[in-house]
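Structure first, then comments.
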Amino acid sequence: MKKSAFTLLEVVVSLSLFALFLLLLFTVSNLLLHRWSLLKEQQRNCSDTSLLFHRMIRELHSCVPVPNSFFVDLPTVDPRCKKNLFFLTTAASLKTYGEISAIGYFFVEEKKNSPCYNCYRYELSPQETSEALRAHTVESLFARASSSTSKSCHCVATHIIDWNVRPAWILHEKISATPPQLVGKENTPNLVEIRLAMSTSNSPPFGKASAHTTAFSTVVPLLPSL
């Protein structure tokens, strides 16, 4: 009787096919894992931006209408802080019920010459806020905002590609972007238009009109200035 056996050529071909199959399986698994990681990061970024947006709305609804306490794009000690919003609110986290805290949101480039921004939230205690109110130095209080101040500043959202805050005033039952000329009185806006846009893509291009963009926008009414 003849004994059947694999030839050397058959063994080499079989091992080659098995190695090719393992390589293909590893490649597909790696691509799927990478895609899953990207989707998970995009979901987290979108969730962070949504929470940021709704938190800003809640705090602006409780904005305290004190003269000279509402600022948009105020110069700060941080040269990278190019866009910001500062105000007083009773809806902050570092307070007891009814106390006023200074709140700010500002945006810093993720990297040099990057199209994306990180959003930082700036909050000072009611004690510091009340002292600044008594001394009429609220503006200098906000000017201290810096991304390197870990005690009062925290990064709350990333991958922001567009941020716009536009104060508005109601004049003759119409919305105007130009404040009224009132003698001896600060023109605190009646409305704040907010728009946030984030990139859901981790690779270029990050264009504002890209399909990989999620936008949030609203108009928040403010109480009239005291």
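The values are calculated or read from the model by the stated rules, or taken from the named source; none is laboratory data. For clarity, every value in this text was computed on a predicted model and none was experimentally measured. Methodologically, a virtual Cβ is constructed for each residue, glycine included, from the backbone with ideal geometry; neighbour enumeration extends over all protein chains shown. Accessible surface areas use protein heavy atoms only, side chains included; no ligands, DNA or RNA. Shrake-Rupley method; radii C 1.70, N 1.55, O 1.52, S 1.80 Å.
In the condition set (1) buried (at least 18 other Cβ atoms within 10 Å of the Cβ); (2) at pLDDT below 85, Ala168 is compliant with all but (2). Number of residues in region 119-142 that are assigned to a strand (DSSP E or B) and either in contact with a helix residue (DSSP H, G or I) (Cβ under 7 Å, 6 or more places away or on another chain) or surrounded by fewer than 16 Cβ atoms within 10 Å (Cβ to Cβ) (or both): the value is 2.
A quick yes/no check of all residues on (1) at pLDDT 85 or above; (2) assigned to a loop (DSSP other than H, G, I, E, B); (3) small (Gly, Ala, Ser); (4) within 18 Å of the chain's Cα centre (by Cα):
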{"site": "Val11", "(1), (2), (3), (4)": "no, no, no, no"}
{"site": "Leu15", "(1), (2), (3), (4)": "yes, no, no, no"}
{"site": "Ser29", "(1), (2), (3), (4)": "yes, no, yes, no"}
{"site": "Cys46", "(1), (2), (3), (4)": "no, no, no, yes"}
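Listed here are the residues, each with its yes/no results for (1) of a type in the set (Gly, Ala, Ser); (2) open to solvent by less than 10 Å² (accessible area, probe 1.4 Å); (3) assigned to a loop (DSSP other than H, G, I, E, B); (4) closer than 15 Å to Tyr122 by Cβ.
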site: Thr49; (1), (2), (3), (4): no, yes, no, no
site: Leu52; (1), (2), (3), (4): no, yes, no, yes
site: Ile57; (1), (2), (3), (4): no, no, no, no
site: Phe87; (1), (2), (3), (4): no, yes, no, yes
site: Tyr105; (1), (2), (3), (4): no, yes, no, yes
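Mind checking which residues of region 34-47 are of a type outside the set (S, T, N, Q) and open to solvent by 100 Å² or more (accessible area, probe 1.4 Å)? His34, Arg35, Trp36, Lys40, Arg44 - these are the residues of region 34-47 that are of a type outside the set (S, T, N, Q) and open to solvent by 100 Å² or more (accessible area, probe 1.4 Å). Would you say Glu99 is surrounded by fewer than 18 Cβ atoms within 10 Å (Cβ to Cβ) and at pLDDT 90 or above? Here the answer is no, as Glu99 does not meet what is asked.
Against the numbered list (1) modelled with pLDDT under 90; (2) more than 17 Å from Thr149 (Cβ to Cβ); (3) open to solvent by 10 Å² or more (accessible area, probe 1.4 Å), Cys116 comes up short only at (3). No other residue among Leu88, Leu25 is of a type outside the set (Phe, Trp, Tyr) and touching a strand residue (DSSP E or B) at 6+ places or on another chain (Cβ under 9 Å) apart from Leu88.
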